[in-house]
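Novice: Dropping the structure in here first, questions after.
The values are calculated or read from the model by the stated rules, or taken from the named source; none is laboratory data. The structure presented is a predicted model; accordingly, all values stated were derived computationally and were not measured. With ideal geometry, Cβ positions are generated from the backbone for all residues, glycine too; neighbour counts draw on all protein chains shown.
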Amino acid sequence: MNSFWRSWLALSILLSCVGAAAQETLPIDESAPLILVRTIPIPGVDGRFDHPGVDISGGRVFAPVYGNDSVEVVDVARGRRIRSIQEGFIKPQMVLYLPDLNRFVVSNKGEGACKIFDGETYKLIDTVKFSDDADQLRYDPVAKRVYVGYGDGAIGVFDAKTNKRIEGDFEVGAHPESFQLEQKGSKIFVNLESVNQIAVIDRNTRKVEKWKLEEAGTNFPMALDEAHRRMFVGARRPARLLVLDMDTGKIITSLPGAADTDDMSFDADRKRIYVASGEGFIFVYQQIDPDRYKRIAKIPTAIGARTSAYYGQVAKHNSLYLLVPARADRGAELWVYETRD
Amino acid sequence: MKAIRRICITVTGVLSFALCVTAQEKAPADENGPLILTAQVPLPGVHGRFDHFAFDPAEPGRIFISALGNNSVEVLNTVEGTEVHRITGIPEPQGIAFAIGLNKLFVASRKGKLYVYDGTDYKLITAIDYNADVDNLRYDVPTKRVYVGYGDEDKAAIGMVDATTNQRLDEVYKTGAHPESYQLEKSGPNIYVNLEDLKQIGVIDRTTKKLTKWDLPPKFEENFPMALDEPEHRLFIVTRTPPRLVVYDTNSGKTVATLPCVADVDDLYYDANHKRLYIPGGQGFIDVFQEKDDDHYERLARIRTVIGARTAGYAPRIGKKGQDRVYLAIPNTPGKEAAVWAYTVQE
């Protein structure tokens, strides 16, 4: 190829790039399942976020900042951060809001501490200690028990009224990542990402079964569709969305997934799965029927935004909350997406 | 070779020209658009989201904005492009109404009170207790009454305050669910009110006190804003799920048109001079609809704004003075102060 052809080719490529750039500024896709409607600044916060908690009736989002040893409280109705809590946190990993008690629990990687706060005064009420690395939290509002994934690894339990540990942790043999409590049954499903397994605990018989993931592992987030007996798991290596039968552990289907993912939610009203990814996207999958799924959108967000929460209607909005860490050119924020049918 | 080269150069030229033209056509600044951005007034130090607007018809350019997240009301002079006063210490202000003639400002707080301020020195005159979420306000000039939407469920009602004496009237119109935006008929007895919790529109007859309810179309919900074209008997509402402009015939209570619009909508204005609707949405657009006739509407423009800018005010020209304007509240973002943008309405 002579120099003339080379330059013509280069020019053509350049021109098509201009075309592509123009395309990005086109009006937003009218059929997008999520629409960014608000960005709420969280000033003065550096470092990465971890798993948020949501107060549905009070319209508050509690954002633990792993890299900042703080918990940031955002009032979504007022559209602003209302409090920054520093109460001796060491790498806080999750906030769980207890609606019936108006309290919230903050788990810490350091010292395995779960700190319990009053939701009204934000005062520290108590601390429940686990051996190490207290991570994900779940609440059983009927039994008023808080489940804590910790160490290497087990699921521990404490009484939400007395803040006392209940004896008999469920040993799972590796650090528990996301886990889900079955609501209409006695099971607990636990992602064990370091061994590419899912532990299935029966809370009544205390039996622990393990399902080995063959196709993809490094499985961090998890969500359940109990009505259809389906479990959704986000695998990082390779990046796949796995759909399992909750009762047998059989893989129903698997789809290309999100890399660097940490949170996922199932929207039972729209039959959709939202997966936040640190590569800067939210992946949205549509459940066509319990056995068939389709990725319907890959929504650009911001690099590093891999933790999110969806709780249905909060403060008169159907919102997905995405925590966006501070970047080179912009401070930390909470992004609020509205779901669309 | 030379011929091929000439052709290639021509092709490249045509291609680049075509692309430039296309890009230009897609540029947001449309010179023939119905709204032109003509001023940006900064509001330094204001954090959080904004709620409703009010205007002083006696002094065009003076506007009042509830800064809900900032617990303040911002008073702006948009002729000079400056902030003239900030009323602080109002917990979560929502609705706002200016009583012309009496020069008083009424501000509704989500935390349960209606605050009354002097329109000259902005000093607090009194605060009226409701012990409920006080939300939308409307000022009725002939009766010198401020209508107050407040409360939830059993307590939910539209009440009235005598703007001269600052006293609550005993008479209230129970709505059965929190009244969102509502409109007072000028030539009739009706109040139209969005009852978002019920997925309905309430019609209150102020003479008989009877409450009639109209359903939203099936599967439509979250109806917050409302506007009224009284001469043509048309009522406009916007639902958030799905995002739609819905037009009702107020004589029959039936819908006459349903159109897709911007998402996350909290305000809606009818411009009687141009027969247009202005709909700002948190999605980052103002949708402008043109009324072709009573039953036909079309989207005239979609104007790109800022994500999160979902509340606005519309102030029509008074007589020959001033200009028709739409004011849009822009909440602060990291590194950028809050502001009010003023759009001038084009013919």
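Novice: Is it true that B:Phe236 is modelled with pLDDT of 95 or more, touching a Leu at 6+ places or on another chain (Cβ under 9 Å), within 27 Å of B:Gly188 (Cα to Cα) and within 11 Å of chain A (Cβ to nearest Cβ)? Before you say what the answer is, go through the steps one by one.
Specialist: Details: modelled with pLDDT of 95 or more: yes; touching a Leu at 6+ places or on another chain (Cβ under 9 Å): yes; within 27 Å of B:Gly188 (Cα to Cα): yes; within 11 Å of chain A (Cβ to nearest Cβ): no.
Taking the combined requirement at face value, the residue does not satisfy it.
Conditions tested, residue by residue: (1) part of a strand (DSSP E or B); (2) closer than 22 Å to B:Tyr248 by Cα; (3) in contact with a Phe, Trp or Tyr (Cβ under 8 Å, 6 or more places away or on another chain).
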position	(1), (2), (3)
B:Leu137	yes, no, yes
B:Asp170	no, no, no
B:Gly188	no, yes, no
B:Ile191	yes, yes, yes
B:Gly202	yes, yes, yes
B:Glu222	yes, yes, no
B:Glu232	no, yes, no
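Novice: Scan the stretch A:37-59 residue by residue and report those that are within 13 Å of another protein chain (Cβ to nearest Cβ) and farther than 15 Å from B:Pro334 by Cβ.
Specialist: So the first thing to find is which residues in the stretch A:37-59 are within 13 Å of another protein chain (Cβ to nearest Cβ), and the list is A:37-46, A:57-59.
Result: A:Val37, A:Ser57, A:Gly58, A:Gly59.
Novice: With within 21 Å of B:Thr311 (Cα to Cα), modelled with pLDDT under 95 and acidic (Asp, Glu) as the only criterion, which of B:Glu31, B:Glu74, B:Glu25, B:Glu83 stands out?
Specialist: Details: B:Glu31 fails: within 21 Å of B:Thr311 (Cα to Cα); B:Glu74 fails: modelled with pLDDT under 95; B:Glu25 fails: within 21 Å of B:Thr311 (Cα to Cα).
Step by step, each of B:Glu31, B:Glu74, B:Glu25, B:Glu83 is checked, and only B:Glu83 is within 21 Å of B:Thr311 (Cα to Cα), modelled with pLDDT under 95 and acidic (Asp, Glu).
Novice: Let me ask you something else. Show the residue pairs that are 6+ apart or on different chains and have beta-carbon atoms under 6 Å apart, the first residue being within the stretch B:185-207 and touching a residue at least 12 places away in the same chain (Cβ under 8 Å) and within 14 Å of chain A (Cβ to nearest Cβ), the second being of a type in the set (Asp, Glu) and surrounded by fewer than 20 Cβ atoms within 10 Å (Cβ to Cβ).
Specialist: Listed by first residue and then by second, the contacts come to B:Lys199/B:Glu221.
Novice: Right, here's the next one. Let me confirm something: among B:Pro243, B:Pro260, B:Pro217, which residue is crowded, with 18+ Cβ neighbours inside 10 Å, under 22 Å from A:Arg270 (Cα atoms) and either in contact with a Lys or Arg (Cβ under 9 Å, 6 or more places away or on another chain) or at pLDDT below 95 (or both)? Before the answer, list the steps.
Specialist: Numbers: B:Pro260 fails: crowded, with 18+ Cβ neighbours inside 10 Å; B:Pro217 fails: crowded, with 18+ Cβ neighbours inside 10 Å.
Just one listed residue meets the conditions, B:Pro243.
Novice: For the stretch A:135-146, state whether one or more residues are among the polar types (S, T, N, Q) and within 21 Å of A:Ala63 (Cβ to Cβ). Working first, answer last.
Specialist: So in the stretch A:135-146, the residues among the polar types (S, T, N, Q) come out as A:136.
Keeping just the survivors that are within 21 Å of A:Ala63 (Cβ to Cβ) gives A:136.
Looking for residues that are among the polar types (S, T, N, Q) and within 21 Å of A:Ala63 (Cβ to Cβ), one finds at least one in the stretch A:135-146, hence yes.
Novice: Does A:Phe104 satisfy the condition of being at pLDDT 95 or above, assigned to a strand (DSSP E or B) and of a type in the set (A, V, I, L, M, F, W, C)?
Specialist: In short, yes.
Novice: Just to be sure, is A:Phe89 free of Cβ contacts under 8 Å to residues at least 40 places away in the same chain, part of a loop (DSSP other than H, G, I, E, B) and on the phi < 0 side of the Ramachandran plot?
Specialist: Taking the combined requirement at face value, the residue satisfies it.
Novice: What number of residues in the stretch A:121-152 are touching a Lys or Arg at 6+ places or on another chain (Cβ under 9 Å) and assigned to a loop (DSSP other than H, G, I, E, B)?
Specialist: Total satisfying the criteria: 7.
Novice: Further question on the same structure: Looking only at the stretch B:153-168, how many residues end up being in a loop (DSSP other than H, G, I, E, B) and under 23 Å from B:Leu105 (Cβ atoms)?
Specialist: 4
Novice: Here's another thing I want to ask about it. Can you tell me which residue among A:Lys161, A:Lys184, A:Lys210 is assigned to a strand (DSSP E or B) and among the basic types (Lys, Arg)?
Specialist: Numbers: A:Lys161 fails: assigned to a strand (DSSP E or B); A:Lys184 fails: assigned to a strand (DSSP E or B).
None of the other options fit; the residue is A:Lys210.
Novice: Going through the stretch B:67-90 one residue at a time, which ones are more than 14 Å from every other protein chain (Cβ to nearest Cβ) and part of a loop (DSSP other than H, G, I, E, B)?
Specialist: B:Thr78, B:Val79, B:Glu80, B:Gly81, B:Gly89, listed by residue number.
Novice: Quick check on the stretch B:284-309: of everything there that is crowded, with 22+ Cβ neighbours inside 10 Å and under 15 Å from B:Leu245 (Cα atoms), which residue is farthest from the other protein chains (Cβ to nearest Cβ)?
Specialist: For the stretch B:284-309, the residue satisfying everything is B:Glu291.
Novice: Six or more apart or on different chains, Cβ atoms under 6 Å: show the pairs whose first residue is in the stretch A:311-339 and farther than 17 Å from A:Asp55 by Cα and surrounded by 22 or more Cβ atoms within 10 Å (Cβ to Cβ) and whose second is modelled with pLDDT under 90 and not aromatic (Phe, Trp, Tyr).
Specialist: Final answer for the pair search is A:Thr339/A:Asn318.
Novice: If you don't mind, there's one more thing I want to ask. hydroxyl-bearing (Ser, Thr, Tyr) and surrounded by 24 or more Cβ atoms within 10 Å (Cβ to Cβ) - does that describe any residue in the stretch B:313-328? Can you show your working first?
Specialist: To start, the set of residues in the stretch B:313-328 that are hydroxyl-bearing (Ser, Thr, Tyr) comprises B:314, B:327.
When the remaining residues are screened for being surrounded by 24 or more Cβ atoms within 10 Å (Cβ to Cβ), the result is none.
Checking the stretch B:313-328: not a single residue is hydroxyl-bearing (Ser, Thr, Tyr) and surrounded by 24 or more Cβ atoms within 10 Å (Cβ to Cβ).
Novice: Out of curiosity, is A:Thr261 modelled with pLDDT under 95 and in contact with a helix residue (DSSP H, G or I) (Cβ under 7 Å, 6 or more places away or on another chain)?
Specialist: Against the criterion (modelled with pLDDT under 95 and in contact with a helix residue (DSSP H, G or I) (Cβ under 7 Å, 6 or more places away or on another chain)), A:Thr261 does not qualify.
Novice: So, one more: With the structure loaded, tell me whether B:Phe64 is aromatic (Phe, Trp, Tyr) and part of a strand (DSSP E or B) or whether it fails that test.
Specialist: yes
Novice: Hey, another quick one. Which of the residues that make up the stretch A:149-183 are in contact with a Leu (Cβ under 6 Å, 6 or more places away or on another chain) and under 23 Å from A:Ser265 (Cα atoms)?
Specialist: Across the stretch A:149-183, the qualifying residue is only A:Gln180.
Novice: Oh, and also: Residues of the stretch B:109-135 being assigned to a strand (DSSP E or B) and among the charged types (D, E, K, R), which ones?
Specialist: B:Lys113, B:Asp118, B:Asp129, B:Asp135
Novice: In the stretch B:246-255, what count of residues is obtained for those that are surrounded by fewer than 16 Cβ atoms within 10 Å (Cβ to Cβ) and either within 14 Å of another protein chain (Cβ to nearest Cβ) or in a strand (DSSP E or B) (or both)? Spell out the reasoning first.
Specialist: Just the residues of the stretch B:246-255 that are surrounded by fewer than 16 Cβ atoms within 10 Å (Cβ to Cβ), to begin with: B:251-254.
Right, trim to either within 14 Å of another protein chain (Cβ to nearest Cβ) or in a strand (DSSP E or B) (or both) and you get B:254.
Final tally of qualifying residues: 1.
Novice: Only residues that are in a strand (DSSP E or B) and within 17 Å of A:Glu177 (Cβ to Cβ): list them for the stretch A:227-245, please.
Specialist: Passing the criteria: A:Met231, A:Phe232, A:Val233, A:Gly234, A:Ala235, A:Arg236, A:Arg237, A:Arg240, A:Leu241, A:Leu242, A:Leu244.
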